[in-house]
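Visitor: Following this message is one structure expressed as structure tokens.
What follows draws every value from the coordinates through simple rules; no lab data is involved. Since this is a predicted model, take the numbers as computed values, not measurements. Cβ sites come from the backbone with ideal geometry, for glycine too, and all protein chains shown count toward neighbours.
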Amino acid sequence: MRTRFAPSPTGFLHIGGLRTALYAYVMAKHEGGEFILRIEDTDQKREVEGSAEALQVTLKKFGLVWDEFYIQSERHKSGIYKKAVERLVLDGHAFYCNCKPKNAKTEGFSVELRDPCRDKNLTSGAIKLRVPDDEIVKYKDFVHKKEISWNTNTVYDATLLKSDGFPTYHLAAMTDDIDMKITHIIRGHDWMPSTPVHLLVFKYLGGPTPEIGHPTDILSAETGKKLSKRRDSVFCEQFLEEGYLPEALLNFIFLLGWAPKDNRELYSLKEMVDSFDPNGFQDANPKFFRDKLNWFNGQYIRKLSVDNLLEKLELDNNQKNKSIVALIQDRLEKLSDFKMLTKFFFEKPEVDAKLFGENYKEHLTKAIEGIQNNRDLMEVVKENNFKTGDFFMSLRIAITGMKFTPPINESIEILGKEEALERLKKLI
Ligand code: GLU
């Protein structure tokens, strides 16, 4: 099995792209096959500078390492696409056209499916596919697990080579898929409508036609619409910056469109490879639930050793930091939560007296006595007939400035008796 991830360098890697790459990777690796990275940069107007390099950096962070690497603009120089398309012209499956180039939109929705140049026998210009009349083209989608077919009377004469000599996606990708012996194409759902064009191109180029699968679009849980770069946060690097671990994000998206037979949820990349089965592809559109991603991230943070977590948080490996990290590890959903949760260990809090309930001064006075005498604070609560929750809330607010904090007794221990007493005394 040979699969490929074939991004166009038109921006940074987003969640949908990462999922496509992941599925292509695990599918190939499950069979002991190869995963190929191919940069599809023949539409140079749409290229975003630096994005081809950035895509590679991001893929590596997720462990999706490729076995072979190609850049279409480089391959273009060897004349491979031109040679392929000229062959199609010779065979009568493509024709030159010198109509003014239309933009992709008007071309896609053109009422005229048949190009006016197709029978003019021109010898220069752009090159378009001569789509036959009244033929059925079909394939079985390995994601949807069903046969999909088109009558060629609904398929337009797609451009294969532009007048500037560069191939379009329809030519370059299909030529490469054959040349690179790709066995399975897995790509975004947007490409489904272009599939009849591609099936014809594969056939006319002499094939073989790879198996093709289109995973369903990921929907935003908020809008119910397809995830969008404009409305939703979708960029992988942004998630990493926000404090998501690559292995957690990968695990989460693995299950957006694929499901195992049991209800298993946690998978390392190696486990995904081992357990992958194309029958697990889902037909329904998955939704991107942020809470679920947070849950996965929490699970992965919990699995880290304290030393490892310190490193990810970019903290010095000293005793105080170690104790703090061990105390709050279970409460972190994102690495970025750390700062807020533990700020009070590193600086004196600003305490807003409005946060306190009644009797707080009494609570704090007795707490001071108790701490000074090294007593168990539960005993102090009982002796004074305090309500346990109220007493510890007063203590918590005084020490941390917040109502939600790590366990307060342990926090006082890490902070040190002196510092804790100082904070309490300041408030009465
Ligand atoms: N270059 C295409 C894109 O970025 C790739 C589609 C494919 O995988 O064939 O959408």
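Visitor: Just need the Rg to Rh number for segment 4-78, please, alpha carbons only, Kirkwood Rh.
Guide: Dividing the radius of gyration by the Kirkwood radius yields 0.97.
Visitor: Using a cut-off of under 18 Å, list every residue of segment 365-406 whose amide N is near the label point 7 Å from the Cα of K348 along the Cα-to-beta-carbon line.
Guide: The answer is 365, 368, 395-402.
Visitor: Report the relative contact order of the chain, percent, no decimals, based on alpha-carbon pairs under 8 angstrom and at least 6 residues apart. It would help to have the intermediate numbers written out before the result.
Guide: Details: 635 pairs, mean separation 56.6, N = 428.
Relative contact order here is 13 percent.
Visitor: Compute the convex hull volume of the Cα atoms of segment 256-312, divide it by the residue count, and report the result per residue in Å³ as a whole number.
Guide: Working: hull volume 5.9 nm³, N = 57.
Given the Cα convex hull of segment 256-312, per-residue volume reads 104 Å³.
Visitor: Can you compute the charge dipole magnitude of segment 29-97 about its Cα centre, using +1 on each Lys and Arg Cβ and -1 on each Asp and Glu Cβ, nothing else charged? Give it in debye, rounded to the nearest 20. It would help to have the intermediate numbers written out before the result.
Guide: Working: 11 positive and 13 negative charges, 17 e Å.
Once rounded to the nearest 20, the dipole reads 80 debye.
Visitor: I'd like the isolated cysteines in the chain, meaning no second cysteine's beta-carbon lies under 4.7 angstrom from theirs.
Guide: C99, C236 - these cysteines have no disulfide-compatible partner (Cβ-Cβ under 4.7 Å) in the chain.
Visitor: Also, quick follow-up: In units of 2.2 N^0.38 Å, what is the alpha-carbon radius of gyration of the chain?
Guide: 1.37
Visitor: Given a cut-off of 26 Å, name the pairs among K225/K303; K343/K387; K45/K229 whose C-alpha atoms lie farther apart than that in the structure shown. Don't skip to the end; give the middle numbers.
Guide: Numbers: K225/K303 34 Å; K343/K387 28 Å; K45/K229 20 Å.
Long pairs (Cα-Cα over 26 Å): K225/K303; K343/K387.
Visitor: Enumerate by residue number the chymotrypsin sites (Phe, Trp or Tyr not before Pro) in segment 326-428 meeting two conditions: DSSP loop (anything except H, G, I, E, B), and at most 11 other Cβ atoms within 10 Å of the site's Cβ.
Guide: Taking segment 326-428 and a limit of 11 other Cβ atoms within 10 Å, the loop chymotrypsin sites (Phe, Trp or Tyr not before Pro) found are F404.
Visitor: According to the Kirkwood expression over distinct Cα-Cα pairs, how big is the hydrodynamic radius of segment 76-198, in Å?
Guide: Numbers: mean 1/r = 0.0652 Å⁻¹.
Hydrodynamic radius (Kirkwood, Cα only) of segment 76-198 equals 15.3 Å.
Visitor: Let me ask something else about it. Multiply the residue separation of V57 and K270 by 0.36 nm, subtract the distance between their alpha-carbon atoms, and state the gained length in nm to one decimal. Intermediate results must be reported in sequence, preceding the final value.
Guide: Working: separation 213, 0.36 × 213 = 76.68 nm, distance 2.00 nm.
Taking 0.36 nm per residue and subtracting the Cα distance, the gain is 74.7 nm.
Visitor: Per the Kirkwood treatment, what hydrodynamic radius in Å, one decimal, follows for segment 385-428 from the mean inverse distance over all distinct Cα pairs? The partial results should precede the final answer.
Guide: On the way: mean 1/r = 0.0937 Å⁻¹.
In segment 385-428 this quantity evaluates to 10.7 Å.
Visitor: With a cap of 15 neighbouring Cβ atoms within 10 Å, and only residues DSSP puts in a loop, list the GluC sites (Glu not before Pro) found in segment 329-418.
Guide: Passing both the DSSP loop test and the Cβ count: E347, E350, E358.
Visitor: Let me ask you something else. Which aspartates and glutamates have a Cα lying under 12 Å from the Cα of K162, excluding residues fewer than 8 positions away in the same chain?
Guide: D43
Visitor: Quote to one decimal, in nm, the extra length available between D376 and K320 on full extension: 0.36 nm per residue of separation minus the C-alpha distance between them.
Guide: Working: separation 56, 0.36 × 56 = 20.16 nm, distance 2.26 nm.
Answer, rounded to one decimal: 17.9 nm.
Visitor: Give the residue from L395, Y300, F281 lying farthest towards the positive end of the charge dipole for segment 239-397; charges sit on Cβ (+1 for Lys and Arg, -1 for Asp and Glu) and the dipole is referred to the Cα centre.
Guide: Farthest along the dipole direction, towards plus: L395.
Visitor: What is the mean projected area of the alpha carbon convex hull for segment 151-301, to one decimal in square nanometres?
Guide: Working: hull surface 48.7 nm².
Mean projected area of the Cα convex hull: 12.2 nm².
Visitor: Also: Mind checking the full-extension length gain between E147 and V306? Use 0.36 nm per residue of separation minus the Cα-Cα distance, one decimal, nm. Could you put the intermediate results ahead of the total?
Guide: Numbers: separation 159, 0.36 × 159 = 57.24 nm, distance 5.13 nm.
Answer, rounded to one decimal: 52.1 nm.
Visitor: Something else about it: Given V201, H214, V234, which one lies farthest toward the positive end of the charge dipole of segment 189-237, if we put +1 on the Cβ of every Lys and Arg and -1 on the Cβ of every Asp and Glu?
Guide: The listed residue farthest towards the positive side: V201.
Visitor: Could you state, as a whole-number percent, how many of the C-alpha pairs of segment 284-428 are farther apart than 18 Å?
Guide: Working: 6319 of 10440 pairs.
More than 18 Å apart: 61 percent of the Cα pairs in segment 284-428.
Visitor: How large is the translational diffusion coefficient of segment 353-428 in µm² per second when you combine the Kirkwood radius over alpha carbon pairs with Stokes-Einstein at 37 °C and 0.692 mPa s? Spell out each step's value before the answer.
Guide: Details: Rh = 12.2 Å.
In µm²/s, the coefficient is 270.
Visitor: Using only the Cα atoms of segment 183-256, build the gyration tensor, take square roots of its eigenvalues as a ≥ b ≥ c, and label the shape rounded, prolate or oblate: rounded if a/c is under 1.5, else prolate if a/b is larger than b/c, else oblate.
Guide: Working: a/c = 3.18, a/b = 2.08, b/c = 1.52.
Judged from the Cα gyration tensor, segment 183-256 comes out prolate (a/c at least 1.5, a/b above b/c).
Visitor: So for S228, S233, fewest C-beta neighbours within 10 Å to most, what's the order?
Guide: Values: S228 11, S233 14.
The most exposed by this proxy come first: S228, S233.
Visitor: What number in nm² do you get for segment 45-95 if you take the convex hull of its Cα atoms and divide its surface by four? Mind showing how you got there, number by number?
Guide: Details: hull surface 22.0 nm².
Hull-based average projected area comes out at 5.5 nm².
Visitor: Also: Over segment 1-143, how many percent of alpha carbon pairs lie in each 5 Å bin up to the one with the longest distance?
Guide: 2, 8, 13, 14, 15, 16, 14, 11, 6, 1, 0
Visitor: Same structure again: Going through segment 127-217, which trypsin sites (Lys or Arg not before Pro) have at most 16 other Cβ atoms within 10 Å and a DSSP loop state? Can you show the working numbers first?
Guide: On the way: sites: K128, R130, K138, K140, K145, K146, K162, K181, R187, K203; in loops: R130, K145, K162, K181, R187.
Within segment 127-217, the qualifying trypsin sites (Lys or Arg not before Pro) (loop, at most 16 other Cβ atoms within 10 Å) are K145, K162, K181.
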